[in-house]
Each structure stands twice: as C-alpha cells, then as structure tokens.
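What follows is a set of notes on a single structure, which appears directly below.
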Amino acid sequence: MDEEIKPERSRTFTWDDPEEALIAGRKVSGSELFEKMRLGEVPQPPYARLLGMELFDAGEGHFSMTLLPQEFHYNPMGCVHGGILSTLLDSVMSAAVHTALPAGTGYLTVSINVTFLKPVYEHTGEVMAEGKIVSMKRQIATAEGKIVDMKGDVCATGTAICMLFDRTQAKPKPAG
C-alpha cells in the first residue's frame, strides 16, 4: 500500500521584547501608545504577532484590528477556533478602553462574553474586528465589539468589562 507523503507544516515568528511597550505604556496615554505602535516606535504585543493580528485603526474610545485566517488557526471542525476569535474581540474591546485612559492608568479585562454567528475559514479572507467603549466610570469600563468578514457579514459579537487601576503603583514581576 502506497503511503501518501504529506508536506510538513511549520510556522516561525519573531517578536520584540515587550518591556519597551510596558515602560512606554506607563508614561503616555493609551491613544499615544497605540499611535507609537502604529508608527513602529513601540513594538506590538508578542501574542498579536503570534496570531497574525494587525492594528488597523485606533482613536479615543475605538480600536480595530485585522486578522487573515490561516490553517494554523483551525480547530478540529476545520474552521478558525473560537478562542482565536475571542482573543481578537478581547483585544479590540479592551484596547478601545485603553485608548481613553490617561498615562499611568491600566486596565484588566474581568469578563468577556462572545457570541459566534458564523464560522470563519481560511477562504473567508481577512476579517476586521472593531471595539468601542459603551461606558466608562471611575473603576469600570464596558466595551462592545464585532468581527466582520469581507462581505460585511458579522461573524461574532462580544462585550467586555474592564477594571481600571493605577499603574504607577503596580510592580511587575521579573521574568523567569
């Protein structure tokens, strides 16, 4: 019996030290930080490179990213894993909150809710995720988001609740 020879699949990526963005994020507002990322002055987070997410647009209270679905995003059902789409939504919703924060203020996503409306495949083509602030109070911000395919069909929607805090008091743990 002839055994089919399957091509080996592999993926290699590189990333920059995330410390630079962490330091810059404590000194500038959220909107300034993302503008520096867009201009290449501050590196994007490593996870965004790992997944292939690209910053598209950022402004106060809104944020958008793109993702080109790839085979390595697939789940056992043969479509993009929901966790990848959830990460994309969490990214744009929480970043929308981040764009409205002054220097020295941080956030933490405490809850996300995602609804999947349509599967996403490699042949779907690039998808756009958009997030925007719904409400921002002293310690809590709420955002909503959606992922849209090239035809304009909504593939997933989400909501996020973020807790706001003073980053000047937070002490990062050393790597290791």
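Coordinate-derived values only; no laboratory data. These figures come from a predicted structure and were not determined experimentally. With ideal geometry, Cβ positions are generated from the backbone for all residues, glycine too; neighbour counts draw on all protein chains shown.
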Relative to the Cα centre, what is the charge dipole magnitude of the chain, using +1 at the beta carbon of each Lys and Arg, -1 at the beta carbon of each Asp and Glu, and rounding to the nearest 20 debye?
860
Per-residue HN-Hα couplings for the stretch 81-93 [Karplus 6.51, -1.76, 1.60; θ = phi - 60°; Hz; x = Gly/Pro]
4, x, x, 5, 5, 5, 5, 4, 5, 4, 4, 6, 5
Where does the chain land at 222 nm, in deg cm²/dmol rounded to the nearest 500, when only DSSP H runs of n ≥ 4 count, each adding -39500 (n - 2.57), divided by all residues?
-7000 deg cm²/dmol
Reduced to Cα centres, the span from the stretch 59-98 to the stretch 110-125 in Å works out to 8
When the Karplus curve 6.51 cos²θ - 1.76 cosθ + 1.60 is applied with θ = phi - 60°, which whole-Hz ³J(HN,Hα) does each residue of the stretch 36-50 get, with x for Gly and Pro?
5, 5, 4, 7, x, 7, 10, x, 6, x, x, 4, 5, 5, 4
For peptides 130-141, 92-103, sequence by mean Cβ density within 10 Å, most packed first:
92-103, 130-141
